Amino acid sequence: MTTIGVTQAKAQLSTLVERANVGEEIVITKYGKPVARRAALEAARKPHRPAPRFGFWEHYGWKLPENFNDPDPEIEALFNDGPIFPEDEKRD
């Protein structure tokens with residue numbers, strides 16, 4: 001629990017709000033006596049959501065194939081051995 005004076009709280013309000021949202025409790029004092037307490041509301045706290053990952057459709061029966069990242073020979077042939085300008089070959 002952090003204790004801070006009213007004048008400091010006015011000057012640092014945005015940082016105090018951020019700290020309270022993380023879960024820290026802040027007590028604001030006036031002339032050394034506590035007058036207010038700042039804590040995050042339960043509804044304001046966002047639940048941690050895990051990052052999406054590949055394979056999350058497995059429960060629907062779909063899964064990425066094991067050879068998903070393997071090179072495709074047909075596409076490699078087009079890039080490596082294919083004509084640079086296919087339109088020029090049609091004119092000949």
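Please give the number of the condition LYS10 fails out of (1) surrounded by fewer than 13 Cβ atoms within 10 Å (Cβ to Cβ); (2) part of a strand (DSSP E or B).
Here LYS10 clears every test but (2).
State which residue pairs qualify: first residue within 24 Å of THR2 (Cα to Cα) and inside the range 39-50, second residue at pLDDT below 70 and surrounded by 10 or more Cβ atoms within 10 Å (Cβ to Cβ) in any location, beta carbons under 8 Å apart, and separation of 6 or more residues or different chains.
Short answer, once both residue conditions are applied: none.
Name the single residue, out of those in the range 13-31 being assigned to a helix (DSSP H, G or I) and among the small types (Gly, Ala, Ser), that is surrounded by the most Cβ atoms within 10 Å (Cβ to Cβ).
ALA20
Of all the residues that make up the range 32-73, how many are touching a helix residue (DSSP H, G or I) at 6+ places or on another chain (Cβ under 9 Å) and either modelled with pLDDT of 85 or more or part of a helix (DSSP H, G or I) (or both)?
So the answer is 2.
The values are calculated or read from the model by the stated rules, or taken from the named source; none is laboratory data. Everything numeric here is computed off the predicted structure, so don't read it as measured data. Note that we place each Cβ from the backbone using ideal geometry, even for glycine, and neighbour counts take in every protein chain shown.
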